[in-house]
Amino acid sequence: MNVRDILIRWRNRPRGSLLAQVSWLIIGVMLVSTISYGLWYEARIARTNRYATEEQAQTFARTLASAAAPALVTRDAGALESLLMNLRQFPHARQLAVFDPNGKPRAVVSLAEGGAASLDYNLGVQTPPTNIAVKLIRVGDGQTGLIEVWAPVEIGVLAGWTRVRIDLQGEVQLRAVVWQQAVFSALLTTALTVLALYLFLRLRLKPVAQCATFAERLASDPGATLEVNARSREVALLQTSLNDASLHLRQQYEAINERNERLDAIFALSPDGLVVFDRYRRLAYSNPAFGELSSFVVNAGMPLHEFERAMAACCAQASDFIGVDAAVSGVTEIALLAPVRRLLRREHRVNQRGHLVLYFRDITSEAEVARMKSEFLSTAAHELRTPMVSVFGFVELLLARKYPEEKQREMLGVIHRQSRLLINMVNELLDLARIEARVGKDFVLSLQPLQPLISDACAAFALPGDNHVLKLDLPTEPEFAEFDSEKLRQAFSNVVSNAIKYSPQGGEVSITLQHRETASGPQIGIAVRDQGIGMTPEQLTHAFERFYRADTSGNIPGTGLGLALVKEVVTLHMGEVTLESEAGVGSCVTLWLPRRLAASDSPLRQAA
């Protein structure tokens, strides 16, 4: 492990509390201070004590020399020994000796550590100092050494020497006492300081802990207010900052919630599908509209490749499905078969965080409208062109050549019929546009029987030589409804005209009155049934769409607006149009209107 690893571990170590860190800091500072002071004080005491010990030893040696002088002169060994035994109580003395001038011992007393004294007769000749003066000699180290003091015994001349040996145990004991006191003082001071600091900081840091708890609670309770007993300016500032942050967080939280609610409402009500994938390409969100468009269930966490595989399975041709990653541009059209046939436009975008947003829009109606408009333009151009060419051709012939009167009348009759056809086609377009724009405001409603309107309208289709038979099966009693005669006649005539046109082989067209009960009340229906080419179920779903024609061959004239106009008129009469048809058998169109009694006052008429 190198220094860098050690530093990294040190930086990543678990962090202790502020109280613990301050306590350890105080303990460390106190210990270092106490040890430093102890070392300094111990050295000072040791120097002072050693100086005092040396002075005492020298004074004691001089005193011993003065006391031993008479006995040395008289050579009284017993007196010397008695003198030494009497002085053995000197602190930390280990040996007291009296020598002649040449260093030969005259009396020696040795003292054990326990204080026992004994005469020592085995001490040999010692070498006294060369100078006749008190001399101090250190023997050994500071822990186990001795202080040796020589003092001359002078009586005019040198009569001998005295030697005192004192050990240094007193100094060692004094140092130990100093250290004991220093350690005790350090421990006591540290303990009291830490205790006082703990009590002080615990009281002062309690608001900080409350602030920390409050900060953790902000995520679940934005806008809360912190109330603490701020005992310091810093805590008061922290309290104010946290309360300001809480209020700001609450405002942001409400703004985000409001924005999310708006977006949720928009996404939920949007008819367009939205699907969001996170940066790992796992599904994070889809709105209800997408489920309705695609018919397959999407789950949170679905991978993008599974999502695209499910989409491809719903397509008309799975091989034609283009995935997001393979798409050349951001817009792709997808043709689905399930749940119903529809055309979707897919757009995708990747934001800065790598989230993929897919947008699906149902453009089936737009594509169908575009198709029907194209067919209408083609059909209308053809239908308008045919009579116009006929009119133009006959007029040109009449202008260029002279025909017999009978031939002219025949040609003028063709021009008249073709002109009326043109007028009818233009009128249908104008009527449908006017009805849509006015929403029934031009209708003149009145309560009247249906049979006269039906009979009068059918009379216009009874042409000589026509192979179609109009069969009216109407009750003799009048059936009343409230309607606009002109508008309902136009709608009914369109239905009868379609029945005749789409029965190219001729046949019977029956017209009857039907009755039924609905939740809104009784209804009466004008049913027109033919024996024509009929329609397939697929054609039935588009029958009331504008510009739609079941026959696309162009053999049957028309604009594709008839049934759309019929539906608009009947709907504005608070009625309904039903259509039953079977290919190769025929069709039945029924115009349902609210049934009225002759004397009733209709709410529809009141509203009008």
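The values are calculated or read from the model by the stated rules, or taken from the named source; none is laboratory data. Given the structure is predicted, the values throughout are model-derived calculations rather than measurements. All Cβ positions, glycine included, derive from the backbone under ideal geometry; neighbour counts span all protein chains shown.
Return only the number of the condition from (1) in contact with a helix residue (DSSP H, G or I) (Cβ under 9 Å, 6 or more places away or on another chain); (2) closer than 30 Å to Leu39 by Cα; (3) of a type outside the set (D, E, K, R) that Phe184 does not satisfy.
All conditions are met except number (1).
Got at least one residue in the stretch 11-33 being of a type in the set (S, T, N, Q), over 47 Å from the mean Cα position of the chain (by Cα) and in a helix (DSSP H, G or I)?
yes
Just checking, does the stretch 110-125 include any residue being in contact with a Leu (Cβ under 7 Å, 6 or more places away or on another chain), surrounded by 15 or more Cβ atoms within 10 Å (Cβ to Cβ), outside any loop (DSSP other than H, G, I, E, B) and not acidic (Asp, Glu)?
yes
Given the condition of a type outside the set (Phe, Trp, Tyr), exposed (fewer than 14 other Cβ atoms within 10 Å of the Cβ) and within 60 Å of the chain's Cα centre (by Cα), answer yes or no: does some residue in the stretch 380-400 qualify?
Yes, there is a match, as at least one residue in the stretch 380-400 is of a type outside the set (Phe, Trp, Tyr), exposed (fewer than 14 other Cβ atoms within 10 Å of the Cβ) and within 60 Å of the chain's Cα centre (by Cα).
Of the residues Ala159, Ala151, Ala133, Ala186, which single one is assigned to a helix (DSSP H, G or I) and either over 30 Å from Ser241 (Cα atoms) or among the aliphatic types (A, V, I, L, M) (or both)?
It is Ala186.
If you check Arg50, Arg88, which single one turns out to be over 30 Å from Val208 (Cβ atoms) and not in a helix (DSSP H, G or I)?
Unique residue meeting the criteria: Arg88.
Against the condition of a type outside the set (Val, Ile, Thr) and under 28 Å from Asp325 (Cβ atoms), how does Leu269 come out, does it pass?
no
Could you list all residues from the stretch 237-251 that are among the hydroxyl-bearing types (Ser, Thr, Tyr) and buried (at least 16 other Cβ atoms within 10 Å of the Cβ)?
Across the stretch 237-251, the qualifying residue is only Ser246.
Quick check on the stretch 37-53. Is at least one of its residues under 30 Å from Trp179 (Cβ atoms), touching a residue at least 40 places away in the same chain (Cβ under 8 Å) and under 60 Å from the mean Cα position of the chain (by Cα)?
no
Within the stretch 61-93, how many residues turn out to be under 28 Å from Asn49 (Cβ atoms) and of a type in the set (Lys, Arg)?
Count: 2.
Could you list all residues from the stretch 562-596 that are among the hydroxyl-bearing types (Ser, Thr, Tyr), closer than 18 Å to Ser520 by Cα and touching a Phe, Trp or Tyr at 6+ places or on another chain (Cβ under 9 Å)?
Within the stretch 562-596, just Thr578 meets the criteria.
Any residue at all in the stretch 299-311 that is among the hydrophobic types (A, V, I, L, M, F, W, C), modelled with pLDDT under 85 and touching a Cys at 6+ places or on another chain (Cβ under 8 Å)?
No; the residues of the stretch 299-311 include none that is among the hydrophobic types (A, V, I, L, M, F, W, C), modelled with pLDDT under 85 and touching a Cys at 6+ places or on another chain (Cβ under 8 Å).
Scan the stretch 144-169 residue by residue and report those that are free of Cβ contacts under 8 Å to residues at least 24 places away in the same chain and of a type in the set (A, V, I, L, M, F, W, C).
Val157
Matching residues to (1) buried (at least 18 other Cβ atoms within 10 Å of the Cβ); (2) among the aliphatic types (A, V, I, L, M); (3) outside the structural domain of Leu25 (by TED's automatic domain parsing):
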{"site": "Thr130", "(1), (2), (3)": "no, no, no"}
{"site": "Arg138", "(1), (2), (3)": "no, no, no"}
{"site": "Ile147", "(1), (2), (3)": "yes, yes, no"}
{"site": "Glu154", "(1), (2), (3)": "no, no, no"}
{"site": "Arg165", "(1), (2), (3)": "yes, no, no"}
{"site": "Ala186", "(1), (2), (3)": "yes, yes, yes"}
{"site": "Leu195", "(1), (2), (3)": "no, yes, yes"}
{"site": "Arg202", "(1), (2), (3)": "no, no, yes"}
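May I ask you to say which residue of Glu261, Glu292, Glu254, Glu234 is loosely packed, with under 14 Cβ neighbours inside 10 Å, in the same structural domain as Asp325 (by TED's automatic domain parsing) and part of a helix (DSSP H, G or I)?
Glu292 is the lone residue from the list that is loosely packed, with under 14 Cβ neighbours inside 10 Å, in the same structural domain as Asp325 (by TED's automatic domain parsing) and part of a helix (DSSP H, G or I).
Within the stretch 504-541, can you find the residues that are modelled with pLDDT of 85 or more and either assigned to a loop (DSSP other than H, G, I, E, B) or outside the structural domain of Ser587 (by TED's automatic domain parsing) (or both)?
Within the stretch 504-541, Ala519, Ser520, Asp530, Gln531, Gly532, Ile533, Gly534, Met535, Thr536, Thr541 meet the criteria.
Mind checking which residues of the stretch 342-379 are in a helix (DSSP H, G or I), surrounded by 13 or more Cβ atoms within 10 Å (Cβ to Cβ) and touching a Leu at 6+ places or on another chain (Cβ under 9 Å)?
Residues satisfying the conditions are Thr364, Ala367, Glu368, Phe376.
Do we have Ala71 as assigned by TED's automatic domain parsing to the domain that holds Val149, part of a helix (DSSP H, G or I) and in contact (Cβ under 8 Å) with a residue 60 or more places away in the chain here?
no
Hey, could you check the stretch 263-279 for residues that are of a type outside the set (A, V, I, L, M) and modelled with pLDDT of 90 or more and say which is farthest from Ala215 (Cα to Cα)?
Phe277
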